[in-house]
Amino acid sequence: MRESCRMFSSPVGVAVGALLLTDLRHIEPVHGDAAAGAKKAAVCFACHGATGVSVAPTFPRLAGQRADYLYRRLVSFKRADPKDPYYSASPMTPNVAHLSDTDMRDLATYFSSQTPPATAAAGAAPGKGEALYLAGDPARGIPPCQGCHGAEAGGPSISTGQYAAYPSLRGQYAPYLIARLTSFHKNLPHDTTNDFIMGGVAQTLDDESIQAIAAWLSSLTPRRVLCGCMQFRRNMRRTTPLSCEVEFFNREDRQCKS
Ligand code: HEC
Ligand code: HEC
């Protein structure tokens, strides 16, 4: 495990014409300090909740989300053009202005390590949303979402390289998912290689499909409590710096043994 603990290098910015494109294809794992992140997160709790479960369903839940994805999103907000139609309207943009790169890694690691509690909507009946998520609709050019977000919508089974920044979707609030998918449908935002992927995916999604998929995803119970979470708690008690232990938390396949 130790060998895989590399420091995360700065994101690679590639100028393409007038666009500053952030290339996420060679992303390295983010290793922040969750205990340090916890100390910096008070300002975030106002909207994202002390447990990483946001106070309003238009704000995304952060608890248990992949750390690399959270970090990437913070970097995107920080680097955004203030006049960009998506970023200028987002309440997040002013919230990242004073964060350093270390702060963003620590905050991403902290929120990722939180145990996501169950959603109120858990247990809704499967239907069109589930079918679209699993199989897409080839006739309409909609790809299966599970190809990139995992069969259980907890992120892809490969969690290294560029796939580390592919988000988990299960248990996310429906109003937030609807807003994001509607934005992607309008090609917003459009400044990272991953935005281009989702922008392309969402082109053929109509409102009804978006609603159905969002309703189904939000009804799934959030990710399981994992052995990494137990490690995390032990670490918090010892107040030693966190390293690879958090990575265990992000692997969905590892069940708690203790
Ligand atoms: C005023 C309310 C507010 C505060 C304070 C706030 N956020 Fe947010 N956050 C939002 C909203 C709303 C979104 C959705 C933004 C969007 O889609 O453009 C969001 C999105 C995010 C995302 C992207 C999540 C995803 O699933 O893509 C991350 C990461 C995040 N916030 C982290 C933080 C951190 C860390 C802090 C504290 C430094 C913070 N936020 C403070 C409202 C807030
Ligand atoms: C080819 C890979 C790929 C496919 C297929 C795909 N996605 Fe994505 N998706 C991504 C990537 C990469 C991101 C991260 C974008 C970013 O960094 O902002 C993402 C982000 C998202 C988000 C934003 C999550 C958040 O927390 O803000 C939602 C919602 C989403 N995808 C839903 C879907 C749905 C629904 C489908 C199927 C119709 C789908 N995706 C198919 C790669 C994919």
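Quick notes on this one:
Condition check ((1) modelled with pLDDT of 95 or more; (2) closer than 30 Å to ALA35 by Cβ; (3) of a type in the set (D, E, K, R)) across all residues:
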position	(1), (2), (3)
GLN114	no, yes, no
PRO126	no, no, no
GLU130	yes, no, yes
ASP137	yes, no, yes
PRO143	yes, no, no
HIS149	yes, yes, no
GLY154	no, yes, no
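- Of the set (1) modelled with pLDDT under 90; (2) part of a helix (DSSP H, G or I); (3) surrounded by fewer than 19 Cβ atoms within 10 Å (Cβ to Cβ), all apply to ARG251 but (2).
- Within the option set ALA212, ALA179, being more than 14 Å from ligand 1 (Cβ to nearest atom) and assigned to a helix (DSSP H, G or I) holds for one residue only, ALA212.
- Residue check, TYR87 within 20 Å of LEU24 (Cβ to Cβ), in contact with a helix residue (DSSP H, G or I) (Cβ under 6 Å, 6 or more places away or on another chain) and aromatic (Phe, Trp, Tyr): yes
- The residues on offer are ALA118, ALA151, ALA164, and the sole one that is of a type in the set (Gly, Ala, Ser), within 14 Å of ligand 2 (Cβ to nearest atom) and either in contact with a strand residue (DSSP E or B) (Cβ under 9 Å, 6 or more places away or on another chain) or more than 19 Å from ASP68 (Cα to Cα) (or both) is ALA151.
- Lone qualifier among VAL30, VAL53 - being surrounded by fewer than 23 Cβ atoms within 10 Å (Cβ to Cβ), of a type in the set (Val, Ile, Thr) and either farther than 22 Å from CYS145 by Cα or touching a helix residue (DSSP H, G or I) at 6+ places or on another chain (Cβ under 8 Å) (or both): VAL53
- Residue check, THR22 polar (S, T, N, Q), touching a residue at least 12 places away in the same chain (Cβ under 8 Å) and under 28 Å from THR182 (Cα atoms): yes
- The listed residues are ARG61, ARG73, and the only one of them that is among the basic types (Lys, Arg), in contact with a Gly (Cβ under 8 Å, 6 or more places away or on another chain) and within 11 Å of ligand 1 (Cβ to nearest atom) turns out to be ARG61.
- Hits in the range 138-148 - residues which are more than 6 Å from ligand 2 (Cβ to nearest atom) and touching a residue at least 40 places away in the same chain (Cβ under 8 Å): ARG140, GLY141
- Scanning the range 62-91 for residues that are assigned to a loop (DSSP other than H, G, I, E, B) and away from ligand 2 (no atom under 11 Å from the Cβ) returns ALA63, GLY64, ALA80, ASP81, PRO82, LYS83, ASP84, SER90, PRO91.
- Checked against (1) outside any helix (DSSP H, G or I); (2) farther than 17 Å from SER209 by Cα; (3) away from ligand 1 (no atom under 16 Å from the Cβ), PRO144 passes all but condition (2).
- Of all the listed residues (ASP137, ASP84, ASP103), the sole one being of a type in the set (D, E, K, R) and near ligand 1 (Cβ under 10 Å from one of its atoms) is ASP103.
- Among the candidates THR109, THR160, the residue that is in contact with a helix residue (DSSP H, G or I) (Cβ under 6 Å, 6 or more places away or on another chain), touching a residue at least 40 places away in the same chain (Cβ under 8 Å) and more than 10 Å from ligand 1 (Cβ to nearest atom) is uniquely THR109.
- In this structure, THR51 does not qualify as near ligand 1 (Cβ under 10 Å from one of its atoms) and polar (S, T, N, Q).
The values are calculated or read from the model by the stated rules, or taken from the named source; none is laboratory data. This is a predicted model, so every value here is computed, not measured. Here Cβ is always computed from backbone atoms with ideal geometry, including for glycine, and neighbour counts include all displayed protein chains.
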